[in-house]
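The values are calculated or read from the model by the stated rules, or taken from the named source; none is laboratory data. Given the structure is predicted, the values throughout are model-derived calculations rather than measurements. Because the Cβ atoms are built from the backbone with ideal geometry, glycine has one as well, and the counts that use them run over all protein chains shown. The accessibility values were calculated without ligands, DNA or RNA, using every heavy atom of the protein model including side chains. Shrake-Rupley method; radii C 1.70, N 1.55, O 1.52, S 1.80 Å.
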Amino acid sequence: MASISISKRHALPRRMARDAAERVARDLNERFNLAWTWEGDEVVFQRTGLSGRMHVGTNEIRLDVRLGLLLSALKPAIEREIHVQLDSITTTREG
């Protein structure tokens with residue numbers, strides 16, 4: 001099993017950070033059929049061959065993902081997409 005751990009700093013109010021994390025979770029559900037739920041300050045997600053947690057902290061969002069054998073070969077592409085998604089969260093500004 002391969003794993004991915006990424007942390008990004010943010011300056012968002014807590015509610016906005018949680019809303020942004022939920023938008024990412026919904027997008028991943030639509031695109032990849034990824035089941036997710038909130039457990040405290042974490043979005044917990046899974047599907048066949050992939051599981052993980054996205055912790056939404058006061059100043060940081062941390063994502064930890066475990067990839068099954070088949071998805072391990074796609075780790076670089078998955079990691080790039082995670083960076084894109086987390087960058088979209090951490091650069092969101094109040095309008």
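Observations on the structure shown:
- Net charge over other residues, Cβ less than 9 angstrom from the Cβ of ILE61 (K, R count +1; D, E count -1): +2
- Charge dipole (debye, nearest 20) of the stretch 5-95; +1 at Cβ of Lys and Arg, -1 at Cβ of Asp and Glu: 100
- Inter-site label distance for ASN33 and SER88 at 7 Å from Cα along Cβ, in nm: 2.1
- Rg and Dmax of the stretch 2-55, both derived from C-alpha coordinates alone, stand at 11.5, 33 Å.
- Pairs of alpha carbons in the chain separated by more than 15 Å make up 57% of all such pairs.
- Among the trypsin sites (Lys or Arg not before Pro) within the chain, those in coil by DSSP and having at most 10 neighbouring Cβ atoms inside 10 Å are ARG93.
- nm² value of the averaged projected area, convex hull over the Cα atoms of the stretch 39-84: 3.5
- Accessible surface of the chain [probe 1.4 Å, protein heavy atoms]: carbon and sulfur percent: 51
- Under 12 Å, Cβ to Cβ, from ASN29 - net charge with Lys/Arg +1 and Asp/Glu -1: +1
- Residue-averaged 222 nm ellipticity for the chain, from DSSP H runs of 4+ at -39500 (n - 2.57), nearest 500: -13000 deg cm²/dmol
- For the chain, the per residue solvent-accessible surface stands at 61 Å², with DNA, RNA and ligands left out and a 1.4 Å probe.
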